[in-house]
Every structure is written in structure tokens, then in C-alpha cells.
């Protein structure tokens, strides 16, 4: 999956499920508690967040609903502020994998923030345990012309039968429209560098826990001057299950 909260490590857990023969449907749900909401190197929340999602997969097709709740201390700020509806379609041929997605973003009770839709693809090549990847996302509705790309390396290491370590590192760049919309400068730039890690412990019956860590840094001085957190380390804990 493309989504690991807001990173590039696989968002769908490495879980061993006892799927009945002849039943191609899998489904799951997850709650993820993180220190802040971080998206493409941009810190988007004022405090911790609770990010819940549920998904169902049939063969290469996956549908997901993802919600984001700001856990700010002030009751008037603490709110559910984002719904995402995502459809993924995955292909693979030998060591090459391609996953395409359409993401619809809905912002309840935020009239100043228009709902929008993005399309994306994640192209990767598996070489032993190391997987070079490229992710490219572009807006097709409210912010047409806004796009963000990322290249890097990721890996997954099985540590016994129940534990998997996933890591990733990459750099990302934003288009002029992307940086104008989300940061406030009409400049194309090499935006950010990131590194992340997650450890998934598969408990039993498809249940798992996953502590994770994400470090990001905005690279361009023009962008760094416009945000409160040009560098940030996000920590979080996800719990869920896939069946």
C-alpha cells in the first residue's frame, strides 16, 4: 500500500492470515496514534493525531476509508478534520511492481479548504531485500497542477515468524503549484528528505501492533523560512488487524 500514515513504508501490515480457500476477500482496520500529522514533510496538525482506517481487498483491488482527528488539548480545536477515500489497483511482473491510486480528500466543517482528488502511482523494483521506488502524486480537481514526487529505497526484513522491520529513505520535490498551495511560495523546489522505520509484531488471528518513527527535513531555505517545523521527528503506535 502507499499509505503509512503519511510516509512511504507499506501502510498495510505484514500479517499472516488464515484465508479460507476460494475466498478472495480480505479486510482490516487500524488505529494509529502519532505525535503530529506529517504530510510530504509538512507538519499539518497543532498536536497529536488519531488516524483510523479500514480497508477491503479483492485480488489486486483495494478500497480504503481513512479519517484524521486532531487531539489538541483545546476542546474547540479537537476535531475530526479529514476524511480520505482511496482506491488502489496493483500490478506486478517479475521483480517490478506498480500500484495506482485515486484519493479523494474531504474536509468537514472547513469551508475555507476545498475538497479535492489526487491520482498517484508507486513504481518499485525488488532487488533482494532492497526496493528502489518512485512515487508521483498529482491533483486533478481543486489544485490542478499541484504535484509531488519522491524517490528512494525501502526494505522489509522478516525477524522470525511474527516480527517484520520495514525501513525507507527518500527525497521529494514539489511543483510550483504544490508549494504555492501548501507552503506559500511560488517556487519549484527539492522539498524534503525523509527516513522512517516501523516494526510490525503480528500477534495472533491477524492482529498486530506497529510502533513507527518518521524523520523529515525541508531542504530548501525558502520553504524552511515559511513553516513552523522545517524539521520534525514523528513517533507513533498503530494497532489493528487484517482478516
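A few notes on this one:
- Residues of segment 107-124 classified as within 17 Å of residue 183 (Cα to Cα) and surrounded by fewer than 14 Cβ atoms within 10 Å (Cβ to Cβ), total: 2
Residue by residue, here is whether (1) assigned to a strand (DSSP E or B); (2) within 25 Å of residue 203 (Cα to Cα); (3) at pLDDT 95 or above holds:
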site	(1), (2), (3)
13	no, yes, no
33	yes, yes, yes
36	no, no, yes
46	no, no, no
62	yes, yes, yes
89	yes, no, yes
111	no, no, no
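- Filter result for residue 156 (surrounded by fewer than 20 Cβ atoms within 10 Å (Cβ to Cβ), in contact (Cβ under 8 Å) with a residue 40 or more places away in the chain, on the phi < 0 side of the Ramachandran plot and in contact with a strand residue (DSSP E or B) (Cβ under 9 Å, 6 or more places away or on another chain)): yes
- Total residues in segment 31-41, condition within 13 Å of the chain's Cα centre (by Cα) and surrounded by 18 or more Cβ atoms within 10 Å (Cβ to Cβ): 6
- Applying a threshold of 6 Å to beta carbon distances and a minimum spacing of six or more residues, or different chains, the list of pairs starting in segment 37-66 at a residue that is at positive phi and in contact (Cβ under 8 Å) with a residue 24 or more places away in the chain and ending at one that is assigned to a loop (DSSP other than H, G, I, E, B) and surrounded by fewer than 17 Cβ atoms within 10 Å (Cβ to Cβ) reads 59/24.
- Segment 210-231 residues that are within 21 Å of residue 156 (Cβ to Cβ), paired with ones that are at pLDDT below 95 and surrounded by 15 or more Cβ atoms within 10 Å (Cβ to Cβ) (beta carbon under 8 Å, 6 or more apart): 210/13; 212/4; 212/5; 212/7; 212/9; 214/5; 214/6; 214/7
- In the set 189, 142, 127, 146, only one residue is over 26 Å from residue 235 (Cα atoms), crowded, with 18+ Cβ neighbours inside 10 Å and over 19 Å from the mean Cα position of the chain (by Cα); that residue is 189.
The values are calculated or read from the model by the stated rules, or taken from the named source; none is laboratory data. Quantities reported herein were computed from a predicted structural model and do not represent experimental measurements. Don't worry about glycine lacking a Cβ; one is built from the backbone with ideal geometry, like all the others, and counts go over all protein chains shown.
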